[in-house]
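What follows is calculated from the coordinates using simple rules that are stated; it is not laboratory data. Note that the structure is predicted; figures quoted are calculated from it, not measured. Don't worry about glycine lacking a Cβ; one is built from the backbone with ideal geometry, like all the others, and counts go over all protein chains shown.
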Amino acid sequence: MTPHETNRATQYTLYHPRWYRTRVSTYWWLRKWCYLKFVLRELSSVFVAYFVVITLLQIHSLSRGPEAYARFERLMHNPLVIALSAISLLFVLFHTITWFNLAPRAIVVRLGGMRIPDILIAGSNYVAWLMISAAVAWFILR
Amino acid sequence: MAETIQLEVTRYSPEHGSVPALQRFEVPYRKDWVVLDALNYIKDKLDGSLSYRWSCRMGICGSCGMMVNGEPKLTCATFLSNYAPHAVRVEPLRNFPVVRDLVIEMTDFMVKLQKVKPWIIRKEEKSIADGEYMQTTSQLDAYKQFSMCINCMLCYAACPVYGLDPLFIGPAAIALAQRYNIDSRDQGAKERMNILSQHEGIWGCTFVGECTEVCPKNVDPAGAIQQYKLTATKEWFKSVLMPWGAR
């Protein structure tokens, strides 16, 4: 090694040929269940978007009269659409439950110097979910 | 004959090979031995050329973090009895360049740590004659958990975001920034915001949450980052809705 090289080797540089760097595998998310769970939670957003689009389409066809709505209903009765909706429902439930359970980590509320327990933060989300679902069900089924 | 246990240890010698390889060692198995004891046995009795970092052997210094059977662990707090009679694989911390054997290069973390200014910033320092900065126990409680970080970098080894994007500031540095942001004596939150609210700061985090799982000190870096995201969002809304309030 020349003196010049020795001098260079002692300096910190981003590229250093003698350090061994491992590449992150493309399939890193299959290595552990928690990583896979994270990727599924991210993927679940696609199905949330799917339900939003379906709801918008439903409202749109409703506004265009009974015939348009009957067409929409026929489309929704297609076995492929039913299967897709069932898978979407599972993903949306997974999305909701995992995020509600994570909410206490992000939301820290202090009352009288004490941190409100996690179960109350997550619980209030579940209560709001139930109440809104009940209101929607009452509005549609009454 | 005394009981033994197999250790598979990563060896990497930049002078002799371009790729690390596992080397098997047989060490005595003792119930009260941690992985670090086994590594010390190898260095003392079997192969003095084995390189690794360690110091306090009591979970304070944060030097002996390695991958033990694929999980980031402090080797001074990981007992062989958790794995016996199976072999224990010891590898250098993931997501960092390897210098030699089990020694990783940590300058990247040190640079990032300094970047987020993890110290108390005052607009105006009080003089010593004015006395200390007082704090109540509940003000201490607000940040105490985040102050337990020992800079062991296990969270960086567990974070897939850091593995994929080395520019990400990372869990420990953000948690330590948040530790000072919520310290009642600190006034530097705005200065830190410039670094933390970048894409490579808090927004790089996708909340995988593994940093918190592997933390030996229960710091909850993932929580710190999400809490800071909320703060940054509130600040952003404030600056849009009340631009006259911005300083």
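Dividing the mean sequence gap of close Cα pairs (under 8 Å, 6+ apart) by how many residues the stretch B:159-204 holds gives a relative contact order of 40 percent. One quarter of the convex hull surface built on the alpha carbon atoms of the stretch B:76-209 amounts to 11.2 nm², the projected area averaged over directions. Relative contact order of chain B: what whole-number percent is it, with Cα pairs under 8 angstrom and at least 6 residues apart? Worked out over chain B, it gives 17 percent.
For the stretch B:209-244, chymotrypsin sites (Phe, Trp or Tyr not before Pro) are listed when DSSP marks them as loop and at most 14 other Cβ atoms sit within 10 Å of their Cβ; the list is empty.
The convex hull drawn around the Cα atoms of the protein assembly as shown, when projected onto a plane and averaged over every direction, covers 30.9 nm². Listed by chain and number, the lysines whose alpha-carbon sits under 27 Å from that of B:K115, ignoring those within fewer than 8 places in the same chain, are B:K73, B:K123, B:K126, B:K144, B:K190, B:K217, B:K229, B:K234, B:K238.
Once the Cβ-Cβ distance between A:L62 and A:W99 is put in as r, and R0 is 30 Å, what FRET efficiency do you end up with, to the nearest 0.05? Here the calculated transfer efficiency is 0.55.
Here's the picture: a label point sits 7 Å out from the Cα of B:H16 along the beta-carbon direction, and within the stretch A:19-34 the residues with their amide nitrogen under 20 Å of it are A:19-21. In loop segments of the stretch B:69-166 as defined by DSSP, the GluC sites (Glu not before Pro) with at most 12 further C-beta atoms inside 10 Å of their C-beta are B:E124, B:E125, B:E132. With a simple spin-label model that places each label point 7 Å from the Cα along the Cα-to-Cβ direction, the separation between B:T107 and A:A86 comes to 5.8 nm.
Cβ-to-Cβ counts within 10 Å put B:M148, B:M106, B:M58 in ascending order as B:M58, B:M148, B:M106, the fewest first. The relative contact order of the stretch B:113-247, computed from alpha carbon pairs under 8 Å that lie at least 6 residues apart in sequence, is 30 percent.
Taking 7 Å steps out from each Cα toward its Cβ at B:F79 and B:K123 produces label points 5.4 nm apart. Once both labels are positioned 7 Å from their Cα atoms along Cα-to-Cβ, the gap between B:Q114 and A:Y50 label points is 5.1 nm. Here the gap between A:H77 and A:Y126, fully extended at 0.36 nm per residue and compared with their Cα-Cα distance, gives a gain of 14.6 nm. Shielding value for A:17-29 is 5, the average number of Cβ atoms from other chains within 10 Å of each residue's Cβ.
Among the chymotrypsin sites (Phe, Trp or Tyr not before Pro) in the stretch A:22-56, those placed in a DSSP loop whose Cβ has at most 11 other Cβ atoms within 10 Å are A:Y27. By the beta carbon rule, with partners counted only under 4.7 Å, the protein assembly as shown holds these lone Cys residues: A:C34, B:C64, B:C76, B:C149, B:C152, B:C159, B:C205, B:C215.
Taking a ≥ b ≥ c as the square roots of the eigenvalues of the Cα gyration tensor, the stretch B:34-131 is prolate, since a/c reaches 1.5 or more and a/b is larger than b/c. Rounded to the nearest 10 degrees, what's the angle between the helix B:221-241 long axis and the longest principal axis of chain B, both from Cα atoms, 0 to 90? Tilt of helix B:221-241: around 20 degrees.
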